[in-house]
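Reading through the structure tokens given below for one structure.
The values are calculated or read from the model by the stated rules, or taken from the named source; none is laboratory data. Values in this document were obtained by computation on a predicted structure and should not be read as measured data. Virtual Cβ from ideal backbone geometry, glycine too; neighbours counted across all protein chains shown. SASA here: full protein model, heavy atoms, side chains in, ligands and nucleic acids out. Shrake-Rupley method; radii C 1.70, N 1.55, O 1.52, S 1.80 Å.
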Amino acid sequence: RPLVKLRNLMQQGAQGDLRVRSRLESRGEIGQLGESFDTMMLQITELVQQTRQSANQVLETASELSQASRTTAVSAKEIAVATEEISQGAGGLANEAERGNDLTLTNADRLRNVIEANREMGEVASGIRESSEHGTEYISELISKTGDTERMIRSMEEKVGKLKDSTDSIRRIVDLLGNVTKQTNILSLNAAIEAARSGAAGKGFMVVADEIRSLADQSKESIGVVGDITEGIQKEIDDTVGVLSAAYPIFQQQIDSMKEAATIFRQVQGHVGEFIEKLGRVSDSMRELDETQGILSDSMSNVSAVAQQSLATSEQVASLSQEQLNISERLGQHVEQLERLSESLQGS
């Protein structure tokens, strides 16, 4: 009967009932077998309880790990997407930095060309200023010489006027000599008439009268020639006076024009001086801008290098993020497998 009881208890234990106990009071081998059975069932019960607790803890840990894995996977995906965007942005930034560096170098070349053109403009402006100064000096000398010429023309007008008065006096003298010649002819004619009346006694006087008439005729011819010459001189003098009278206003206009030109030259000289001064300030600003451009070029080079380095780092981070995403996915698979094993363990 005790063996049949133990067999039945073992069958119940085999069916999962770990609460069965023999509680045999026999002191022989059957009693020892009963105690061993009770000890075995007690230890199996404790082992199952510990296994169940461990399975529950593993299941809870697997659940938490699964949740964390899913959260990590989502974060890894977001990080991967953000890293990809950062990588693309870093690539765009690197391209823009490279482009900005190229533009900075191009602007630096253009700025140097502008500085060179500004220097050439300064040289040209200096040349214009020197030419303007020479022109002003030349105009001043020309005005001075024109003043001398004006005084000479005025003196010439005065002398021509005096010469005209002299020719008038000569004309009056010629007219007087003409009248004297006429009177002489009349006197010689009267003397010839009186000599003819005197007969033989007046022949000598006749010869003298003929000589006087001949001299009067010669004087008349000479006076006519002198009169013609005087008329020619008078005409030339009148023409000279007319030319001088006509030339004087034109000459005066030329003097006014030269004075105005001198004023314009002085104004141009002043404007050129102001232009040179402003050009100097522009040159200083250009030099400062060139220095700033150099600093900007160095900064753009540094930005380009940093952008390239950031691009490489972003690509490396993107690779690591992708790897982390893959690890998170594999970890999720392992966690799911661990959950299934935990449930299977708990069921067992």
In region 121-148, what residues are among the hydroxyl-bearing types (Ser, Thr, Tyr), at pLDDT 75 or above and open to solvent by 30 Å² or more (accessible area, probe 1.4 Å)? SER126, SER131, SER140, SER144
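Given the residues LEU59, LEU103, LEU65, which is the only one that is in a helix (DSSP H, G or I) and more than 30 Å from ASN326 (Cβ to Cβ)? First the steps, then the outcome.
Values: LEU59 fails: more than 30 Å from ASN326 (Cβ to Cβ); LEU65 fails: more than 30 Å from ASN326 (Cβ to Cβ).
Within the list LEU59, LEU103, LEU65, the selection yields LEU103.
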Would you confirm whether or not region 266-283 contains a residue that is of a type in the set (D, E, K, R), closer than 30 Å to ASP148 by Cα and part of a helix (DSSP H, G or I)? yes
Any residue in region 273-301 that's within 14 Å of ILE115 (Cα to Cα) and among the acidic types (Asp, Glu): show its pairings with residues that are part of a helix (DSSP H, G or I) and open to solvent by less than 100 Å² (accessible area, probe 1.4 Å) at Cβ separation under 8 Å, as long as the two are six or more apart or on different chains. ASP290/ALA108; ASP290/LEU111; ASP290/ILE115
Any residue at all in region 53-71 that's open to solvent by 80 Å² or more (accessible area, probe 1.4 Å), under 60 Å from the mean Cα position of the chain (by Cα) and not aromatic (Phe, Trp, Tyr)? yes
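Look through region 176-209, keep the residues that are polar (S, T, N, Q) and surrounded by 14 or more Cβ atoms within 10 Å (Cβ to Cβ), and return whichever of them is modelled with the lowest pLDDT. Working first, answer last.
Here is the first cut: in region 176-209, the residues polar (S, T, N, Q) are 179, 181, 183-185, 188, 190, 198.
After this cut, where a residue has to be surrounded by 14 or more Cβ atoms within 10 Å (Cβ to Cβ) as well, the list is 181, 184-185, 188.
Details: THR181: 79, THR184: 80, ASN185: 78, SER188: 74.
Among them, the one singled out is SER188.
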Quick one: would you say THR83 is open to solvent by less than 100 Å² (accessible area, probe 1.4 Å), of a type in the set (Val, Ile, Thr), assigned to a helix (DSSP H, G or I) and touching a residue at least 40 places away in the same chain (Cβ under 8 Å)? yes
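Here's the yes/no breakdown for (1) within 30 Å of GLY135 (Cα to Cα); (2) β-branched (Val, Ile, Thr); (3) at pLDDT 80 or above:
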site: PRO249; (1), (2), (3): yes, no, no
site: LYS259; (1), (2), (3): yes, no, no
site: THR263; (1), (2), (3): yes, yes, yes
site: VAL272; (1), (2), (3): yes, yes, no
site: ILE276; (1), (2), (3): yes, yes, no
site: GLN293; (1), (2), (3): no, no, no
site: GLN337; (1), (2), (3): no, no, yes
site: GLN346; (1), (2), (3): no, no, no
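Counting just the residues of region 220-253 that are under 60 Å from the mean Cα position of the chain (by Cα) and of a type in the set (A, V, I, L, M), which one comes out nearest to MET156 (Cα to Cα)? Before you say what the answer is, go through the steps one by one.
Taking region 220-253 first, the residues under 60 Å from the mean Cα position of the chain (by Cα) are 243-253.
If we keep only those that are of a type in the set (A, V, I, L, M) too, we end up with 243-244, 246-247, 250.
Values: VAL243: 12, LEU244: 9, ALA246: 14, ALA247: 12, ILE250: 16 Å.
If we take residues in region 220-253 being under 60 Å from the mean Cα position of the chain (by Cα) and of a type in the set (A, V, I, L, M), then LEU244 is nearest to MET156 (Cα to Cα).
Conditions tested, residue by residue: (1) assigned to a helix (DSSP H, G or I); (2) surrounded by 13 or more Cβ atoms within 10 Å (Cβ to Cβ).
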{"site": "MET10", "(1), (2)": "yes, yes"}
{"site": "ASP17", "(1), (2)": "no, no"}
{"site": "GLN32", "(1), (2)": "yes, no"}
{"site": "GLU35", "(1), (2)": "yes, yes"}
{"site": "MET40", "(1), (2)": "yes, no"}
{"site": "LEU47", "(1), (2)": "yes, no"}
{"site": "GLN50", "(1), (2)": "yes, no"}
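Among the residues of region 221-228, are any polar (S, T, N, Q), open to solvent by 70 Å² or more (accessible area, probe 1.4 Å) and either part of a helix (DSSP H, G or I) or in contact (Cβ under 8 Å) with a residue 24 or more places away in the chain (or both)? Give the derivation first.
So the first thing to find is which residues in region 221-228 are polar (S, T, N, Q), and the list is 222.
Of the ones still in play, those that are also open to solvent by 70 Å² or more (accessible area, probe 1.4 Å) are none.
No, the conditions are met nowhere in region 221-228.
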Criterion first (over 30 Å from GLN316 (Cα atoms) and not in a helix (DSSP H, G or I)) does SER22 satisfy it? yes
Could you check ASP298 against (1) over 29 Å from SER87 (Cα atoms); (2) open to solvent by 80 Å² or more (accessible area, probe 1.4 Å) and say which number it fails? (1)
